[in-house]
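Read through the structure below, which is laid out as structure tokens, and then see the notes.
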Amino acid sequence: MHDGARWVFGYGSLVWRPAFPHVERRRANLRGWARRFWQGSPDHRGVREAPGRVLTLVPRPEALCWGLAYRVEDAAWDEVLALLDARESGGFERRSLPIGFDANGSTPVPALTYVAGEGNPNFLGDAPLPDIAAQIRGARGRSGSNLEYALQMAAALRELQVDDPHVFAVAELLSER
């Protein structure tokens with residue numbers, strides 16, 4: 001909690017589909033982490049036999065990952081945690097990470113952030129971008145197509161005027177067909 005506020009940092013689908021109660025939404029960043037399509041999704045954007053690829057954060061000292069921060073009222077916190085824990089399943093873990101609200105290094109505030117690290121059973125890791133795109137193109141799970149997820153993410157980042165070379169390179173490969 002910071003000044004009575006609880007924040008959730010979204011860098012993936014939470015950017016374009018938060019689907020939880022919040023009282024404020026702000027552009028925010030996380031230093032030292034990069035967004036990558038390195039997490040397997042055997043449930044939401046794929047199935048166990050053909051997992052999709054969703055975004056996670058990987059440590060990169062030079063990186064600055066932009067996304068959205070959502071301020072949640074204390075009274076709604078337990079409800080939001082339950083919703084997010086169900087949604088961010090399959091290897092994601094809660095982390096409290098320091099986010100900033102400008103690029104100049106404003107005083108960071110703690111934010112709940114879901115990260116799927118390489119130690120989880122669904123972590124896929126790096127792969128050639130055409131292979132990542134091919135896996136995304138063919139995957140579908142209970143939350144819809146993986147292709148939709150990737151293209152929605154790229155569109156949301158463009159709307160926020162965020163440059164993310166990894167996401168945009170994958171989206172470009174997906175759009176070539």
Check: in contact with a Phe, Trp or Tyr (Cβ under 6 Å, 6 or more places away or on another chain) and surrounded by 13 or more Cβ atoms within 10 Å (Cβ to Cβ) - does that describe any residue in region 135-142?
Finding: no
Item checked: Residues that are over 20 Å from Gly91 (Cα atoms) and in contact (Cβ under 8 Å) with a residue 60 or more places away in the chain, drawn from region 20-59 -> Phe20, Arg26, Arg27, Ala28, Asn29, Leu30, Arg31
Next item on the list: Kindly indicate the residue of region 69-108 that is over 18 Å from the mean Cα position of the chain (by Cα) and either under 30 Å from Arg48 (Cα atoms) or among the charged types (D, E, K, R) (or both) and also surrounded by the most Cβ atoms within 10 Å (Cβ to Cβ) among those meeting that condition.
Entry: Glu73
Margin query: I need a count of the residues in region 157-171 that are in a helix (DSSP H, G or I), farther than 17 Å from Trp38 by Cβ and in contact with a Leu (Cβ under 9 Å, 6 or more places away or on another chain).
Written below: 0
Note to self: Going by what's in this entry, would Glu62 be described as more than 25 Å from Asn104 (Cβ to Cβ) and in contact with a strand residue (DSSP E or B) (Cβ under 9 Å, 6 or more places away or on another chain)?
What the structure shows: no
Note to self: Which pairs turn up if I take residues in region 73-102 that are closer than 14 Å to Arg6 by Cα and among the polar types (S, T, N, Q) and look for partners that are in a strand (DSSP E or B) and modelled with pLDDT of 95 or more with beta carbon separation below 6 Å, at least 6 apart in sequence or on another chain?
What the structure shows: Ser96/Pro110
Next item on the list: Restrict the check to region 146-158 and report whether at least one residue is farther than 18 Å from Thr56 by Cα and loosely packed, with under 13 Cβ neighbours inside 10 Å.
Entry: no
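The values are calculated or read from the model by the stated rules, or taken from the named source; none is laboratory data. These numbers come from a predicted model, not from an experiment. FYI the Cβ positions are ideal-geometry reconstructions off the backbone, even for glycines, and counts take in every protein chain you see.
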